[in-house]
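If you scroll down you'll find the structure; I have some questions about it.
The values are calculated or read from the model by the stated rules, or taken from the named source; none is laboratory data. The model shown is predicted, which means the values in this text are computed figures rather than measured ones. Every residue, glycine among them, receives a Cβ derived from its backbone with ideal geometry; neighbour counts consider all protein chains shown.
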Amino acid sequence: MKIGKKIKMICKIYNVKFIINDDPLLAKKLDADGCHLGQSDMKITNARKLLKNKIIGITCHNSLSLAKFALKRKADYIAFGAFNKSLTKKVKYKANISLIHKFKKLSNTPIVAIGGINNLNYKNLLLNKADFLAISGYIWQNKKLKPLQAIKKIK
């Protein structure tokens with residue numbers, strides 16, 4: 001809670017959404033802007049009852065059928081990935097650009113691309129209509145650049 005309150009304040013200062021990963025109960029306690037759910041987290045229907053009209057996003061790995069299922073349950077965004085090899089998490093599911101194209105034909109729901117995104121591969125995801133990028137390892141585990149330097153390489 002203590003860390004969450006600090007992060008929420010930073011998000012407010014910079015006018016960015018504060019999304020809690022995997023924990024709708026914590027998102028509610030912190031009055032976060034929303035919550036991101038993995039496939040093994042709380043079901044979206046239960047999270048929606050708890051969080052009402054807050055943002056709820058769902059990881060759908062590399063599966064169009066999981067994405068369709070999430071859409072029927074009113075997900076606010078769909079996360080696909082991993083698009084690349086990642087040092088943050090072991091890659092179980094490999095997504096590709098054609099998945100983004102297929103999903104865009106079904107819905108205008110925003111897509112978040114995840115997995116191994118860095119300064120060399122991010123543009124391809126954006127050019128192929130990913131709406132948002134989840135970038136972690138390149139920023140926080142970069143052995144050559146400090147976080148702000150890494151972020152500037154992505155602008």
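Condition check: touching a Gly at 6+ places or on another chain (Cβ under 6 Å), aliphatic (A, V, I, L, M) and modelled with pLDDT of 95 or more. Does LEU66 satisfy that? Please lay out each step first, then the result.
Values: touching a Gly at 6+ places or on another chain (Cβ under 6 Å): no; aliphatic (A, V, I, L, M): yes; modelled with pLDDT of 95 or more: yes.
No, not satisfied.
Quick one: would you say ALA150 is buried (at least 18 other Cβ atoms within 10 Å of the Cβ) and in a loop (DSSP other than H, G, I, E, B)?
Numbers: buried (at least 18 other Cβ atoms within 10 Å of the Cβ): yes; in a loop (DSSP other than H, G, I, E, B): no.
Judged against the criteria, ALA150 is not a match.
Tally the residues that are assigned to a helix (DSSP H, G or I) and farther than 17 Å from ASP131 by Cα, restricting the search to region 71-112.
Filtering region 71-112 for residues assigned to a helix (DSSP H, G or I) gives 71-72, 97-106.
Those left that are additionally farther than 17 Å from ASP131 by Cα: 72.
Residues that pass the stated criteria total 1.
Any residue in region 53-65 that is exposed (fewer than 15 other Cβ atoms within 10 Å of the Cβ), among the basic types (Lys, Arg) and over 14 Å from the mean Cα position of the chain (by Cα)?
No, because not a single residue in region 53-65 is exposed (fewer than 15 other Cβ atoms within 10 Å of the Cβ), among the basic types (Lys, Arg) and over 14 Å from the mean Cα position of the chain (by Cα).
Matching residues to (1) among the small types (Gly, Ala, Ser); (2) without any contact (Cβ under 8 Å) to a residue 24 or more places away in the chain; (3) touching a strand residue (DSSP E or B) at 6+ places or on another chain (Cβ under 9 Å); (4) at negative phi:
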{"site": "ALA70", "(1), (2), (3), (4)": "yes, no, yes, yes"}
{"site": "ARG73", "(1), (2), (3), (4)": "no, no, yes, yes"}
{"site": "GLY81", "(1), (2), (3), (4)": "yes, no, yes, no"}
{"site": "ASN84", "(1), (2), (3), (4)": "no, no, no, yes"}
{"site": "TYR93", "(1), (2), (3), (4)": "no, no, yes, yes"}
{"site": "SER98", "(1), (2), (3), (4)": "yes, yes, no, yes"}
{"site": "PHE103", "(1), (2), (3), (4)": "no, no, yes, yes"}
{"site": "GLY116", "(1), (2), (3), (4)": "yes, no, yes, no"}
